[in-house]
1. Within the stretch 107-118, is there a residue that is over 12 Å from the mean Cα position of the chain (by Cα), of a type in the set (D, E, K, R) and modelled with pLDDT of 95 or more?
2. Among the residues of the stretch 95-127, count how many are over 13 Å from N39 (Cβ atoms) and free of Cβ contacts under 8 Å to residues at least 40 places away in the same chain.
3. What is the number of the single condition among (1) at pLDDT below 95; (2) within 18 Å of T88 (Cβ to Cβ) that K21 does not meet?
4. Mind listing just one residue for me: the one in the stretch 58-94 that is in contact (Cβ under 8 Å) with a residue 24 or more places away in the chain and of a type in the set (K, R) and, of those, nearest to N11 (Cα to Cα)?
5. Which residues, taken from the stretch 131-157, are part of a loop (DSSP other than H, G, I, E, B) and either of a type in the set (S, T, Y) or more than 24 Å from I5 (Cα to Cα) (or both)?
6. Give me the pairs: first residue in the stretch 32-47 and more than 17 Å from M151 (Cα to Cα), second residue outside any loop (DSSP other than H, G, I, E, B) and of a type in the set (D, E, K, R), beta-carbon distance under 7 Å, and six or more apart or on different chains, which are they?
Amino acid sequence: MKTNIGVKPENLSEVAASLNKMLADEHVLYIKTRNAHWNVEGPDFYTQHKFFEEHYEALQDIIDEVAERIRLIGHYAVASMREYLKLTHLSEESRSRNDSQGFMKELLLDHETIIAHIREHIDRYATEWNDQGTSDFVTGVMKTHEKMAWMLRAHLK
């Protein structure tokens, strides 16, 4: 059955395309955070291992919510690494050291990239695509990333 929520089908297609890019970013950041969790080394290992675990668990929730939002508006969520790597705004980094500070700097940049990308599109969802629900939804996602970025930034002082 066709989705009929008061938003034009062509606008829902644009929203879904944008959300799929967000989903790709979330997956890449999730994998990078898992990498930090698994591979961090140093005298602060245990605390940082737990810290990164909290972050990847939060990202798991965001991933599920973004995918469900895409389904809610009648589209399909991308679900392959190939598609994620094609759509993401982030890059995969290779590290020579597995210290917490290096991981945190890298993850902070990724969170800030996601925040900036979401901020660029918040108004488009509401005004251009007439989807205030998605605008509100992505605002919440952005706020979660802002908090995670703050926590990373605080560790880097």
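1. No: zero hits.
2. 10
3. Of the numbered conditions (1) at pLDDT below 95; (2) within 18 Å of T88 (Cβ to Cβ), the odd one out for K21 is (1).
4. R69
5. Within the stretch 131-157, L156, K157 meet the criteria.
6. Listed by first residue and then by second, the contacts come to E41/D99; G42/D99.
The values are calculated or read from the model by the stated rules, or taken from the named source; none is laboratory data. Keep in mind that what you see is a predicted model, and the values were worked out from it rather than measured. Don't worry about glycine lacking a Cβ; one is built from the backbone with ideal geometry, like all the others, and counts go over all protein chains shown.
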